[in-house]
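**Student:** Provided herewith is a single structure, encoded as structure tokens, for subsequent inquiry.
The values are calculated or read from the model by the stated rules, or taken from the named source; none is laboratory data. A quick note: this is a predicted structure, and the numbers were derived from the prediction, not measured. When we count neighbours, we look across all protein chains shown, and the Cβ atoms used for this are built from the backbone with ideal geometry, even at glycine. Ligands, DNA and RNA are excluded from the accessible area calculation, which covers all protein heavy atoms including side chains. Shrake-Rupley method; radii C 1.70, N 1.55, O 1.52, S 1.80 Å.
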Amino acid sequence: MQVDWIIKNINLATMQTHEAVPYGQIKDALLAVKDGKIFWLGKHNDAPPFPDTQVIDGDGCWLTPGLID
């Protein structure tokens with residue numbers, strides 16, 4: 001699967017409502033971007049292969065994908 005770039009080594013706050021997981025937390029996550037849009041996000045271990053893709057290391061920081069403030 002070809003994407004433009006990925007951010008790995010992050011924690012996501014998806015803000016999806018779920019009683020057991022505050023703020024829709026996904027720890028040890030990966031986010032993939034294609035054509036300027038979020039293409040895939042989720043647990044790093046669940047990610048499909050993204051060969052020959054620019055990789056950004058999120059250094060364990062938190063990210064709120066799609067947040068418009």
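**Student:** Please report the carbon-and-sulfur percent of the accessible area for the chain; probe 1.4 Å, protein heavy atoms only, DNA, RNA and ligands left out. Numbers along the way, then the final one.
**Tutor:** On the way: 2550 of 4930 Å².
Carbon and sulfur together cover 52 percent of it.
**Student:** Among the aspartates and glutamates, which have Cα under 13 Å from the Cα of LYS27 when same-chain residues fewer than 8 positions away are ignored?
**Tutor:** Within the straight-line limit of under 13 Å, LYS27 reaches these aspartates and glutamates: ASP46, ASP59.
**Student:** Can you tell me the Rg and the Dmax, both Å, for the Cα atoms in the chain?
**Tutor:** Cα radius of gyration and Dmax of the chain are 11.9, 38 Å respectively.
**Student:** Counting Lys and Arg as +1 and Asp and Glu as -1, what is the net charge of the other residues whose Cβ lies under 14 Å from the Cβ of LYS34?
**Tutor:** -2
**Student:** Excluding ligands, DNA and RNA, what is the solvent-accessible area per residue of the chain at a probe of 1.4 Å, expressed in Å²?
**Tutor:** For the chain, the solvent-accessible area averages 71 Å² per residue.
**Student:** Normalised by the residues of the chain, what does the relative contact order come to in percent, with Cα pairs under 8 Å and at least six apart?
**Tutor:** It comes to 43 percent, rounded to a whole number.
**Student:** What is the list of residues in the range 1-36 whose amide nitrogen lies under 14 Å from a point 7 angstrom out from the Cα of HIS44, following Cα to Cβ?
**Tutor:** Flagged as within label range: 6-12, 26-32.
**Student:** What's the ranking of 40-51, 24-35 by average number of surrounding C-beta atoms within 10 Å, highest first?
**Tutor:** Sorting 40-51, 24-35 by mean packing, highest first, produces 24-35, 40-51.
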